[in-house]
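The values are calculated or read from the model by the stated rules, or taken from the named source; none is laboratory data. Nothing here was measured: the structure is a model prediction, and the numbers come from that model. When we count neighbours, we look across all protein chains shown, and the Cβ atoms used for this are built from the backbone with ideal geometry, even at glycine.
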């Protein structure tokens, strides 16, 4: 994998081809692991960090997976390249902003990401398009077994896998599903969903996970507890809840069309028109407008634009991607102009009659 080519392609999870992909953008399972012979990173000096990164790097590259793997020493990357990987959901902000020796293994399809020296020695994730938690679990469970055949994990018979953060102790698993919920936001029903999820110990986060705000009406639903339950039980908990949220979102979309089809039609048409004609546009406004357009496609109100293109635009209009596309650093105002130009280019060739 060449980082320079990432701006010209999309990962598999953006293809919009998985189950329930009109609402479920992606499913992801992440595992946190530490090596038994080393201290947690909060107590590791630079020498130890180098030793961990060097010992794990080659082992990860040599994993006998069907997908080709590439290894990047994150501490040697330019800030713009680290931000690019964050925007593509391939590394966390913490790995990008951390200090000392650290790296990441990536599959060409961007389904697999294994971070070295993030909060824990190892943070591995598998991500797939649509509602595909079983597929994610089967793949990451195999990767975990392969790694464990090469190293010794920090493990307690009483507590399970030992992690830097107490909330990850036990299974070390984070099961998450990214949902697009514009209708629940418009109808102001989203807070009821959040409250219900909180009662059953499920967390709601923004597009970039913990500490991030919701953008473009995207929300990540994930487990908060990892101790005292098996991986299968935690996955099942999320699998049982997500279909209900999908049902409520579809119900809200149907109500919007039934109650005010012309108004909704107009809102979506205006959003599409701005995206195709703006001369300058912020990232926040772009996400908001793309959210409306995405819903419009799924409701059959736009017929000349495909979901994979919109999914890709959510990512490719982010700051690092724009600067990589332009090949030069851009200030905020310059990015707004470049973003508008990129949107016009990607949406060019459309005709005024794009909305039914």
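Residues in region 171-184: is at least one without any contact (Cβ under 8 Å) to a residue 12 or more places away in the chain and either within 30 Å of residue 299 (Cβ to Cβ) or surrounded by fewer than 23 Cβ atoms within 10 Å (Cβ to Cβ) (or both)?
Restricting attention to region 171-184, the residues satisfying the condition of being without any contact (Cβ under 8 Å) to a residue 12 or more places away in the chain are none.
Within region 171-184 (the criterion being without any contact (Cβ under 8 Å) to a residue 12 or more places away in the chain and either within 30 Å of residue 299 (Cβ to Cβ) or surrounded by fewer than 23 Cβ atoms within 10 Å (Cβ to Cβ) (or both)), the answer is no, since none of the residues qualifies.
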Inset, instruction - Could you tell me which residue of region 203-228 is surrounded by the most Cβ atoms within 10 Å (Cβ to Cβ), considering only residues that are farther than 15 Å from residue 182 by Cβ and modelled with pLDDT under 70? - result: 209
Legend entry - Residue in region 253-264 that is within 18 Å of residue 348 (Cα to Cα) and crowded, with 22+ Cβ neighbours inside 10 Å present: no
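Could you list, in sequence order, all residues of region 45-73 that are in contact with a helix residue (DSSP H, G or I) (Cβ under 9 Å, 6 or more places away or on another chain) and in contact (Cβ under 8 Å) with a residue 40 or more places away in the chain? Full working, then the answer.
Within region 45-73, the first condition is being in contact with a helix residue (DSSP H, G or I) (Cβ under 9 Å, 6 or more places away or on another chain), and the residues that meet it are 48-49, 52-53, 56, 59-60, 63-65, 69-73.
The answer is 49, 52, 53, 56, 59, 60, 63, 64, 65, 69, 70, 72.
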Inset, instruction - All but one of (1) crowded, with 24+ Cβ neighbours inside 10 Å; (2) over 24 Å from residue 7 (Cβ atoms) hold for residue 127, so report the exception by its number. - result: (2)
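Residue-by-condition table, conditions (1) within 19 Å of the chain's Cα centre (by Cα); (2) within 22 Å of residue 170 (Cα to Cα); (3) not assigned by TED's automatic domain parsing to the domain that holds residue 227:
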residue	(1), (2), (3)
41	no, yes, no
46	no, no, no
49	no, no, no
55	no, no, no
60	no, no, no
64	no, no, no
68	no, no, no
85	yes, no, no
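Quick check on my filter: what residues within region 13-39 are in contact (Cβ under 8 Å) with a residue 60 or more places away in the chain, assigned to a loop (DSSP other than H, G, I, E, B) and more than 24 Å from the chain's Cα centre (by Cα)?
Here is the first cut: in region 13-39, the ones in contact (Cβ under 8 Å) with a residue 60 or more places away in the chain are 13-38.
Among the residues that remain, those that are also assigned to a loop (DSSP other than H, G, I, E, B) are: 15-23, 34, 36-38.
Matches in region 13-39: 36, 37, 38.
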Legend entry - Pair list, Cβ under 9 Å, 6 or more apart: region 314-333 residue free of Cβ contacts under 8 Å to residues at least 24 places away in the same chain and in the same structural domain as residue 276 (by TED's automatic domain parsing), other residue assigned to a loop (DSSP other than H, G, I, E, B) and surrounded by fewer than 22 Cβ atoms within 10 Å (Cβ to Cβ): 322/330; 332/282
Inset, instruction - Would you confirm whether any residue within region 271-294 is more than 21 Å from the chain's Cα centre (by Cα), at pLDDT below 95, under 27 Å from residue 192 (Cβ atoms) and loosely packed, with under 15 Cβ neighbours inside 10 Å? - result: no
Inset, instruction - Return the residue satisfying two criteria in turn: it lies in region 134-143 and is surrounded by fewer than 22 Cβ atoms within 10 Å (Cβ to Cβ) and in contact with a helix residue (DSSP H, G or I) (Cβ under 9 Å, 6 or more places away or on another chain), and of such residues it is farthest from residue 238 (Cα to Cα). - result: 141
Inset, instruction - For residue 146, state whether it is surrounded by fewer than 17 Cβ atoms within 10 Å (Cβ to Cβ) and at pLDDT 95 or above. - result: yes
Legend entry - Sole residue being over 17 Å from residue 120 (Cβ atoms), in the same structural domain as residue 239 (by TED's automatic domain parsing) and surrounded by fewer than 16 Cβ atoms within 10 Å (Cβ to Cβ), chosen from 12, 78, 20: 78
